[in-house]
Amino acid sequence: MATETKPNTELSLTDSSGRELLQRSLTDYVTFLRRQPAVCGSPEQQEVLIKHVTHGNELIKRVAAERLKITRQLDKEKHDWMEVEKQMTAPILEAMQPLKDAVEHYNREILRVREHQLAEAAQQATNATSGETNWLTPEVTSLPKGVQLKWTFEIVDPNKVPNGYWIIDEAAIKADIAEGVREIPGIHIFEEAITTFRK
């Protein structure tokens, strides 16, 4: 196997030409990695490949560290401004809330009336198909301004919900396995090999 070359990564992104030099160093390392055979058939080969991946992870962390040198202060300023923004906008949100509540109440009432009118219209249509004549077809109220209808749901009887709509609680399963549970009906619990790439 080829000997790994140590790229020069002691460069800063804040330096005018640092980013290009750092990028060139990283590109050289990527080229080096692509030349390595992705074959692992012995403990020695495994050790060499793990070493290469570990070094790649270190380079990724180094790039992130360089980014943090630049962005940490910006992140702090952003956080500080977001706090000021909350303080400035909180009184507006609080003052608007009664108005929003009144509009929501009005909209719910109009939709309740509309639902009743639609039910009456459906009944009239049923009567019309059975031969009865009804001259009092109800007029259906239009939707209030700014209101759109979208389909949604609420569970009224969980026992009747088909199995296809239930979600497995993976977090609970993982927590139980971490606590030592080794048998759960319908679940195969097994050990999985996970490689850690560290020095």
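The values are calculated or read from the model by the stated rules, or taken from the named source; none is laboratory data. Keep in mind it's a predicted model, so treat the numbers as computed, not measured. All Cβ positions, even for glycine, are placed from backbone atoms using ideal geometry, and neighbour counts span all protein chains on display. Protein only, heavy atoms only, side chains kept; ligands, DNA and RNA dropped before computing areas. Shrake-Rupley method; radii C 1.70, N 1.55, O 1.52, S 1.80 Å.
For segment 40-47, state whether one or more residues are in contact with a helix residue (DSSP H, G or I) (Cβ under 8 Å, 6 or more places away or on another chain) and open to solvent by 80 Å² or more (accessible area, probe 1.4 Å).
Step one: list which residues in segment 40-47 are in contact with a helix residue (DSSP H, G or I) (Cβ under 8 Å, 6 or more places away or on another chain), which gives 40.
Still in the list and also open to solvent by 80 Å² or more (accessible area, probe 1.4 Å): 40.
Within segment 40-47 (the criterion being in contact with a helix residue (DSSP H, G or I) (Cβ under 8 Å, 6 or more places away or on another chain) and open to solvent by 80 Å² or more (accessible area, probe 1.4 Å)), the answer is yes, since at least one residue qualifies.
Residue check: is P37 touching a residue at least 12 places away in the same chain (Cβ under 8 Å), open to solvent by 40 Å² or more (accessible area, probe 1.4 Å) and of a type outside the set (V, I, T)? I'd like the intermediate steps shown before the answer.
Numbers: touching a residue at least 12 places away in the same chain (Cβ under 8 Å): yes; open to solvent by 40 Å² or more (accessible area, probe 1.4 Å): yes; of a type outside the set (V, I, T): yes.
Taking the combined requirement at face value, the residue satisfies it.
Name every residue in segment 153-183 that is of a type in the set (D, E) and under 26 Å from the mean Cα position of the chain (by Cα), in order of residue number.
The answer is E154, D169, E170, D176.
Filter segment 14-70 down to residues that are under 18 Å from T196 (Cβ atoms) and outside any helix (DSSP H, G or I), then give me how many there are. I'd like the intermediate steps shown before the answer.
To start, the set of residues in segment 14-70 that are under 18 Å from T196 (Cβ atoms) comprises 40, 43, 45-61.
Filter once more, so that each one left must be outside any helix (DSSP H, G or I): 40.
The number of residues fulfilling the criteria is 1.
Using the structure shown, decide if Q97 is of a type in the set (S, T, N, Q), open to solvent by 60 Å² or more (accessible area, probe 1.4 Å) and in a helix (DSSP H, G or I). Working first, answer last.
Values: of a type in the set (S, T, N, Q): yes; open to solvent by 60 Å² or more (accessible area, probe 1.4 Å): yes; in a helix (DSSP H, G or I): yes.
Judged against the criteria, Q97 is a match.
Quick one: which residue in A102, A125 is part of a helix (DSSP H, G or I) and modelled with pLDDT of 90 or more? Before the answer, list the steps.
Numbers: A125 fails: modelled with pLDDT of 90 or more.
Among A102, A125, only A102 is part of a helix (DSSP H, G or I) and modelled with pLDDT of 90 or more.
Filter segment 140-156 for residues that are more than 14 Å from R114 (Cα to Cα) and open to solvent by less than 100 Å² (accessible area, probe 1.4 Å) and give the result.
Of everything in segment 140-156, just one residue is more than 14 Å from R114 (Cα to Cα) and open to solvent by less than 100 Å² (accessible area, probe 1.4 Å), namely G146.
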